[in-house]
Amino acid sequence: MTVLIGVDWGGTKIEALAMRPDGTELVRIRKDTPAGDYEACVRMVADLALEAEARSGETGLIGIGIPGSVDPRTGIAKGCNSTWLLGRHVEQDVVAALGGREVRLENDADCLASSEAIDGAGAGHRVVFAVILGTGNGAGIAIDGRPHSGPNNSAGEWGHSPLPYPDLTEIPGTPCYCGKHGCQETWTSGTGFQNDYARHTGRRIKSPEIMALNRNGDRLAKLVFERYVDRLARGLSVVANTLDPDIFVLGGGMSNIDELYVDLPERIAHYTFSPVFYTPVVKAKHGDSSGVRGAAWLWKDRI
Ligand SMILES: [Zn+2]
């Protein structure tokens, strides 16, 4: 029997999974990412994939989600917030570390989109737009359960487009690691939310603490959250105008804020060209596991 092996190569942890073709999880292993050390990361990705496979007792097909994407012509990594991957031949190096085994490699947000489309919150929906609201804002598109990448592997790089409909206080915006200013993720990542609160209060606290204040009636926390929702709605309204996906699925730490699912749809409808906005906006079903499950599902067409 064949098992599906997924590896989620994240900025803080690397996780491997062996999964049966029906989605049943057999083995799961997780280690801290040797951040900043590219060679050690490659070695760990390969070792964890092989260990998951060995412990499953079966032969596996290996899929890997990376925090970035590769140039489809050269195979060189680009757009990575784990900047030590930039300029590296990631796929080639992982294949070499695996002794020449064939791998499939996709952006981590595309893995989230696939995972949620296949057996998660987006199941039954043909075009799924999935957003990671974490330390950054990754996004991925799955069509019929498969990641859609495009000729530049740039589909879903929504987080590094400028915040739409900016007011004067939002121009030019803060610098982003990608070299531009005022990217969507500088406003609507978890970090962006915390920064916005700190800008107005001088207090740097975590998102759940800001939300606790908001729920207790703190006016500033409420205003900061309302603006967060508004900025996220502006960004997603452009996606609705362009792609009109069948569903929006939210993952990452900020997706745990229940108020988002009440407030967002109305705000998105305020900004879309059409006043009609029927699209569901839902929380990812598999949570943190979607990345590693989506990586394993990269071989779904072979099983
Ligand atoms: Zn950027």
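Points worth noting:
- Boolean, Ile205 is more than 16 Å from the ligand (Cβ to nearest atom), under 18 Å from the mean Cα position of the chain (by Cα), more than 23 Å from Ala77 (Cα to Cα) and surrounded by fewer than 18 Cβ atoms within 10 Å (Cβ to Cβ): no
- Within the option set Ser274, Ser289, being modelled with pLDDT under 95 and surrounded by 13 or more Cβ atoms within 10 Å (Cβ to Cβ) holds for one residue only, Ser289.
- Number of positions in region 3-20 that are assigned to a loop (DSSP other than H, G, I, E, B) and at pLDDT 95 or above: 1
- Scanning region 12-28 for residues that are acidic (Asp, Glu) and surrounded by fewer than 22 Cβ atoms within 10 Å (Cβ to Cβ) yields a total of 2.
- Complete set of residues in region 253-303 that are among the β-branched types (Val, Ile, Thr) and under 19 Å from His125 (Cα atoms): Val276, Thr279, Val281, Val282
This table checks each residue for (1) surrounded by 18 or more Cβ atoms within 10 Å (Cβ to Cβ); (2) farther than 27 Å from Gly68 by Cα; (3) within 16 Å of the ligand (Cβ to nearest atom); (4) not assigned by TED's automatic domain parsing to the domain that holds Gly252.
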{"position": "Tyr165", "(1), (2), (3), (4)": "no, no, no, no"}
{"position": "Tyr177", "(1), (2), (3), (4)": "no, no, yes, no"}
{"position": "Glu185", "(1), (2), (3), (4)": "yes, no, yes, no"}
{"position": "Gly190", "(1), (2), (3), (4)": "yes, no, yes, no"}
{"position": "Ala221", "(1), (2), (3), (4)": "yes, yes, no, no"}
{"position": "Phe225", "(1), (2), (3), (4)": "yes, yes, no, no"}
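- Test result for Gly235, touching a strand residue (DSSP E or B) at 6+ places or on another chain (Cβ under 9 Å), within 30 Å of Arg101 (Cα to Cα) and at pLDDT 95 or above: no
- Meets criteria (part of a helix (DSSP H, G or I) and touching a helix residue (DSSP H, G or I) at 6+ places or on another chain (Cβ under 7 Å)) for Val27: no
- Matching residues in region 115-154 - criterion: being within 16 Å of the ligand (Cβ to nearest atom) and either within 13 Å of Val239 (Cβ to Cβ) or not in a loop (DSSP other than H, G, I, E, B) (or both): Val131, Ile132, Leu133, Asn137, Gly138, Ala139
- Only one entry of Leu260, Leu232, Leu236, Leu250 meets the criterion of being part of a strand (DSSP E or B) and either buried (at least 19 other Cβ atoms within 10 Å of the Cβ) or among the basic types (Lys, Arg) (or both), and that entry is Leu250.
- Condition check for Ile143: under 20 Å from the mean Cα position of the chain (by Cα) and either closer than 17 Å to Gly287 by Cβ or of a type in the set (Phe, Trp, Tyr) (or both): no
- Only one of Ser56, Ser82, Ser115 that is surrounded by 24 or more Cβ atoms within 10 Å (Cβ to Cβ) and of a type in the set (S, T, N, Q): Ser115
- In the set (1) away from the ligand (no atom under 16 Å from the Cβ); (2) in the same structural domain as Ala233 (by TED's automatic domain parsing); (3) in a loop (DSSP other than H, G, I, E, B), the condition left unmet by Ile210 is number (3).
- Number of the exception - Asp196 against (1) acidic (Asp, Glu); (2) within 13 Å of the chain's Cα centre (by Cα); (3) in a helix (DSSP H, G or I): (2)
- Test result for Asp258, more than 19 Å from the chain's Cα centre (by Cα) and either at pLDDT 95 or above or over 24 Å from Trp158 (Cα atoms) (or both): no
The values are calculated or read from the model by the stated rules, or taken from the named source; none is laboratory data. Since the model is a prediction, treat every value here as computed from it, not as a measurement. As a convention, Cβ positions derive from the backbone with ideal geometry for all residues, glycine included, and neighbour counts pool all protein chains shown.
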